[in-house]
Ligand SMILES: NC(=O)c1ccc[n+]([C@@H]2O[C@H](COP(=O)([O-])OP(=O)(O)OC[C@H]3O[C@@H](n4cnc5c(N)ncnc54)[C@H](O)[C@@H]3O)[C@@H](O)[C@H]2O)c1
C-alpha cells in the first residue's frame, strides 16, 4: 500500500520550514555544486548570506547554477575543476581564499556512480570502471579535504558525501560501496587529526 504524505499537515509544515544556519559572511567551498545535493546546499547557504564557491566538472550546469544563485541575490564564484586532478583542486582552493579572503567551511559532494552498478558482480568488475569510481569518489574527496584543511588554519567545518553504501555490503555495487566506505574512513581519520584545531570533519550517508 502506498501512503501519500504530500498533503499531510506534517509534510506541509516541513515544506514551509527552511532550516536556519548561522552562515552570514562565511566562505564555503562546495564540490559537485552544479547539480543535486551540491546545488541545493549552495543555494540554501547563499540564501542565508554565505559566500559560496562552487566547483564542478560540468561547465554548462555550473554556469546555470551560478547565474541562478546570483539572480537570487547570492554571492557566488564558480570554477570548473576536476576533483581527480590534485593541482586543479589546490589552485581552486587558493583562488577561493584569494577571492574571499578565507575558508570557513566545505562540502565535498562531487561523486559518480559506476556504469556497472546493479550489473557487475566482483568477478566481472572492469578495471577502468573500478579506477574511475575510486578516483572520483575517494581520491577526489581526499584531494579536496587535504587542500581545505591546509587553508583552515583554525576553526572550520567540512562535510563529505558518503552513502548508505558506505555502511554495509551491497551486491553488484562493489566499486561504489568501497569508495563510500573509504569516504567514511577518511572522514573519521581527518576528524581525529584536526579536532584540536577546532575543525570538524563529518560525512553524510544518504
Ligand atoms: N542523491 C542521493 O540519493 C545520494 C545517495 C547517496 C550518496 N550520494 C552522494 O552524494 C553526492 C551528491 O550526489 P547527487 O545525487 O547530488 O549527485 P549529482 O550527480 O546530482 O551531482 C554530482 C555532481 O558531481 C559532479 N562531478 C562528477 N565528477 C566530478 C569530477 N571528477 N570533478 C568535479 N565534479 C564532478 C557532477 O558533474 C555533478 O554535478 C555524491 O557523492 C553521491 O555519491 C547521493
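Here are a few things to note about the model shown:
- Among all positions in region 113-123, there is no residue which is away from the ligand (no atom under 16 Å from the Cβ), modelled with pLDDT of 95 or more and in contact with a strand residue (DSSP E or B) (Cβ under 7 Å, 6 or more places away or on another chain).
- Between 159, 141, 136, the distinction of being within 26 Å of residue 93 (Cβ to Cβ), in contact with a strand residue (DSSP E or B) (Cβ under 9 Å, 6 or more places away or on another chain) and either touching a residue at least 60 places away in the same chain (Cβ under 8 Å) or assigned to a helix (DSSP H, G or I) (or both) belongs to 141 only.
- Any chance residue 154 is on the phi < 0 side of the Ramachandran plot, in contact with a helix residue (DSSP H, G or I) (Cβ under 7 Å, 6 or more places away or on another chain), away from the ligand (no atom under 16 Å from the Cβ) and not in a helix (DSSP H, G or I): yes
- Tally of residues being more than 7 Å from the ligand (Cβ to nearest atom) and assigned to a strand (DSSP E or B) across region 30-46: 1
- Out of 106, 40, 72, 98, sole residue that is within 19 Å of residue 203 (Cα to Cα) and loosely packed, with under 15 Cβ neighbours inside 10 Å: 40
- Here residue 84 clears all of (1) near the ligand (Cβ under 9 Å from one of its atoms); (2) assigned to a loop (DSSP other than H, G, I, E, B); (3) crowded, with 20+ Cβ neighbours inside 10 Å except the condition numbered (3).
The values are calculated or read from the model by the stated rules, or taken from the named source; none is laboratory data. This structure is a prediction, so every number in the text was calculated from the model and none was measured. Counting neighbours? That spans all protein chains shown, and the Cβs are built from the backbone with ideal geometry, glycine included.
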